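Peer 1: Let me give you the structure first, and then I'll get to my questions.
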């Protein structure tokens with residue numbers, strides 16, 4: 001008897017995902033529309049994407065990552081969960097164009113990015129803000145999750161230790177200042193963010209794209 005071969009398992013796992021996926025779902029389920037399209041930047045292992053797509057079935061979850069091994073992990077997680085997701089895109093946030101003309105989708109309802117901007121050069125944050133503004137619908141939302149400084153200070157000793165650890169690995173990395181990120185976001189047409197406290201001294205920042213309407 002010939003047994004059919006199973007597809008190789010390329011899944012990677014990040015322990016923090018198991019801890020923060022439910023709090024993220026609770027926040028995003030209140031923020032995002034019931035139906036629409038979300039572009040996730042730096043999807044990493046793909047665990048967030050699969051979990052959130054399973055729990056918000058009305059949303060099309062477009063993943064992306066510049067690392068081919070992680071794109072393989074994303075696809076493997078989706079296959080293991082028997083979930084149909086669009087193929088992950090190869091997006092470098094620092095590029096002036098995120099997608100080729102053939103790939104360029106209609107504007108999206110939200111851009112989601114978790115735990116990237118502190119483990120990347122500052123240019124990645126600037127590129128994320130610029131690219132999100134190019135791809136979001138008016139009124140669409142950019143949702144950033146991770147640790148941030150507030151008022152120039154860390155919000156917890158653990159975040160300060162994490163920041164030192166990051167900078168010891170790469171001087172271009174580090175926990176970003178909420179006010180500085182906000183200032184840059186305003187330059188790209190975003191509004192002052194809604195700030196949501198999260199477990200483990202993290203924040204979710206929600207930037208709405210587009211000009212405020214006077215009197216609204």
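Peer 1: Scan region 125-141 and give yes if some residue there is farther than 30 Å from residue 100 by Cα, modelled with pLDDT of 95 or more, touching a helix residue (DSSP H, G or I) at 6+ places or on another chain (Cβ under 7 Å) and not in a helix (DSSP H, G or I), otherwise no.
Peer 2: From region 125-141, those farther than 30 Å from residue 100 by Cα are none; that's our starting set.
Checked region 125-141: no residue is farther than 30 Å from residue 100 by Cα, modelled with pLDDT of 95 or more, touching a helix residue (DSSP H, G or I) at 6+ places or on another chain (Cβ under 7 Å) and not in a helix (DSSP H, G or I).
Peer 1: Can you find even one residue in region 62-70 that is closer than 18 Å to residue 198 by Cβ, more than 14 Å from the chain's Cα centre (by Cα), in a helix (DSSP H, G or I) and free of Cβ contacts under 8 Å to residues at least 24 places away in the same chain?
Peer 2: Initially, region 62-70 is screened for residues closer than 18 Å to residue 198 by Cβ, giving none.
Looking for residues that are closer than 18 Å to residue 198 by Cβ, more than 14 Å from the chain's Cα centre (by Cα), in a helix (DSSP H, G or I) and free of Cβ contacts under 8 Å to residues at least 24 places away in the same chain, one finds none in region 62-70, hence no.
Peer 1: So, in region 142-170, how many residues would count as being farther than 30 Å from residue 110 by Cβ and in contact with a strand residue (DSSP E or B) (Cβ under 9 Å, 6 or more places away or on another chain)?
Peer 2: Quick first cut of region 142-170, residues farther than 30 Å from residue 110 by Cβ only: 157, 160-161, 164-165, 167-169.
Next, from what is left, pick out any that are in contact with a strand residue (DSSP E or B) (Cβ under 9 Å, 6 or more places away or on another chain): 160.
Qualifying residue count, region 142-170: 1.
Peer 1: Could you run through region 93-118 and say how many residues are part of a loop (DSSP other than H, G, I, E, B), surrounded by fewer than 21 Cβ atoms within 10 Å (Cβ to Cβ) and more than 13 Å from the chain's Cα centre (by Cα)?
Peer 2: Here the count works out to 13.
Peer 1: What tally of residues in region 160-186 results from selecting those that are surrounded by 19 or more Cβ atoms within 10 Å (Cβ to Cβ) and over 22 Å from residue 135 (Cα atoms)?
Peer 2: So the answer is 5.
Peer 1: Now, a different point. Sort out which residues of region 71-97 are under 16 Å from residue 17 (Cα atoms), in contact with a helix residue (DSSP H, G or I) (Cβ under 7 Å, 6 or more places away or on another chain) and in contact (Cβ under 8 Å) with a residue 40 or more places away in the chain, and write them in order of number.
Peer 2: Across region 71-97, the qualifying residue is only 77.
Peer 1: Checking residue 48 against (1) without any contact (Cβ under 8 Å) to a residue 60 or more places away in the chain; (2) closer than 21 Å to residue 93 by Cβ, which single condition isn't satisfied?
Peer 2: (1)
Peer 1: How many of the residues making up region 151-173 are more than 28 Å from residue 61 (Cα to Cα) and under 20 Å from the mean Cα position of the chain (by Cα)?
Peer 2: Total meeting the criteria: 5.
Peer 1: Could you tell me whether region 5-27 includes any residue that is closer than 22 Å to residue 131 by Cα, assigned to a helix (DSSP H, G or I) and touching a helix residue (DSSP H, G or I) at 6+ places or on another chain (Cβ under 7 Å)?
Peer 2: no
Peer 1: Moving on to the next point. Within region 171-186, restricting attention to residues that are in contact (Cβ under 8 Å) with a residue 24 or more places away in the chain and part of a loop (DSSP other than H, G, I, E, B), which residue is farthest from residue 149 (Cα to Cα)?
Peer 2: 172
Peer 1: While we're on this one: With (1) on the phi < 0 side of the Ramachandran plot; (2) modelled with pLDDT of 95 or more; (3) touching a helix residue (DSSP H, G or I) at 6+ places or on another chain (Cβ under 6 Å) as the list, and residue 174 as the residue in question, which single condition is left unmet?
Peer 2: With (1) on the phi < 0 side of the Ramachandran plot; (2) modelled with pLDDT of 95 or more; (3) touching a helix residue (DSSP H, G or I) at 6+ places or on another chain (Cβ under 6 Å) applied to residue 174, the lone miss is (1).
Peer 1: Another one. Tell me, please, whether a residue that is in a helix (DSSP H, G or I), surrounded by 19 or more Cβ atoms within 10 Å (Cβ to Cβ) and in contact with a strand residue (DSSP E or B) (Cβ under 9 Å, 6 or more places away or on another chain) can be found in region 187-210.
Peer 2: Checked region 187-210: no residue is in a helix (DSSP H, G or I), surrounded by 19 or more Cβ atoms within 10 Å (Cβ to Cβ) and in contact with a strand residue (DSSP E or B) (Cβ under 9 Å, 6 or more places away or on another chain).
The values are calculated or read from the model by the stated rules, or taken from the named source; none is laboratory data. Keep in mind the model is a prediction, meaning the values are calculated, not measured. Note that we place each Cβ from the backbone using ideal geometry, even for glycine, and neighbour counts take in every protein chain shown.
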